[in-house]
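These notes concern the structure reproduced below.
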Amino acid sequence: MRNTDYNSRRKSILNSAINRYIKNAVPVASEDMAEEFDLSSATIRNIFSELDASGYLKHPYTSGGRVPTDKGYRYYVDFLLQQIELLDDEKKRIMKEYRKKIRRLDDALENTSEVISDITHYAGIVSFLEWQDKIFYRGISRILDQPEFKDIDKIRLLVKLIEDKERLLNIINRDFSGKVKIYIGSELGCPEMDNCSLIVTTYKLKDQPSGRLAVLGPMRMEYNHIIPALEYISDVLTDVLSTF
């Protein structure tokens, strides 16, 4: 097999393994992948070993399957998600939440944190840059329902961090270029969030960047749904605030 074909197949296997883990939260076995790609289990195990050695997958248990690493998720987000668009019915759901008349900025931002959580099924966080001591968040319990957060010590640390408004704001309000910033695991620089991902975007008030919208959840999140959803919510909120 030509090297380019082999590399392409290896990327496809990595992509599929991460998709399976995101969906099922169960380490991915070589037998499952062999059936999908019509290859032998031995061939898949060899490719898994290469992906292990390259730092994209890891063995959580001696006899178990593979799970993605921080580096694996980063590759997945940067290179394997090419065309991601929000479905029309999701856009309608979001628009429906903003049809009610909102007269106060506080209400608009609090409502947005609820919308983010409802649409993504994780925690929705909203900041307003001029209010350094105020933050809106909803859906923390949705994170704690995930399999990654069964350890009571991890739960305690994460909840303590979220309740520390100043520290959470410092993370959410970091400068970044582009429309969306994705922090995966250790990229957050926060030990309490080592098994989390944070997706952040901005919104505008009077044509000026005014605050941040964020989704906090496990690294095993559906990036191909959450990224376009957060971008769309940002656009809708900016339109709503243009009437203030």
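The values are calculated or read from the model by the stated rules, or taken from the named source; none is laboratory data. Worth saying up front: this structure is predicted, and the values here are computed from it rather than measured. FYI the Cβ positions are ideal-geometry reconstructions off the backbone, even for glycines, and counts take in every protein chain you see.
Taken together, 140, 102, 135, 119 contain a single residue that is more than 24 Å from residue 223 (Cβ to Cβ), touching a helix residue (DSSP H, G or I) at 6+ places or on another chain (Cβ under 8 Å), at pLDDT below 95 and hydrophobic (A, V, I, L, M, F, W, C), which is 102.
Could you tell me whether the range 147-161 includes any residue that is surrounded by fewer than 13 Cβ atoms within 10 Å (Cβ to Cβ) and either modelled with pLDDT of 90 or more or within 25 Å of residue 15 (Cα to Cα) (or both)?
Going through the range 147-161, the residues surrounded by fewer than 13 Cβ atoms within 10 Å (Cβ to Cβ) turn out to be 147, 150-153, 156, 160.
Still in the list and also either modelled with pLDDT of 90 or more or within 25 Å of residue 15 (Cα to Cα) (or both): 147.
Within the range 147-161, one or more residues are surrounded by fewer than 13 Cβ atoms within 10 Å (Cβ to Cβ) and either modelled with pLDDT of 90 or more or within 25 Å of residue 15 (Cα to Cα) (or both).
Considering each residue of the range 80-98 in turn, at least one proves to be over 27 Å from residue 145 (Cα atoms), under 21 Å from the mean Cα position of the chain (by Cα) and surrounded by 14 or more Cβ atoms within 10 Å (Cβ to Cβ).
Residue-level check: of (1) under 19 Å from residue 240 (Cβ atoms); (2) touching a Cys at 6+ places or on another chain (Cβ under 9 Å), residue 136 misses just (2).
Remark: pairs (first residue in the range 143-170, closer than 16 Å to residue 124 by Cα and not assigned by TED's automatic domain parsing to the domain that holds residue 221; second residue part of a loop (DSSP other than H, G, I, E, B) and of a type in the set (A, V, I, L, M); Cβ separation under 7 Å; 6+ apart in sequence or on different chains) are absent.
The residue that is nearest to residue 220 (Cα to Cα), counting only those in the range 1-46 that are in a loop (DSSP other than H, G, I, E, B) and of a type outside the set (A, V, I, L, M, F, W, C), is 27.
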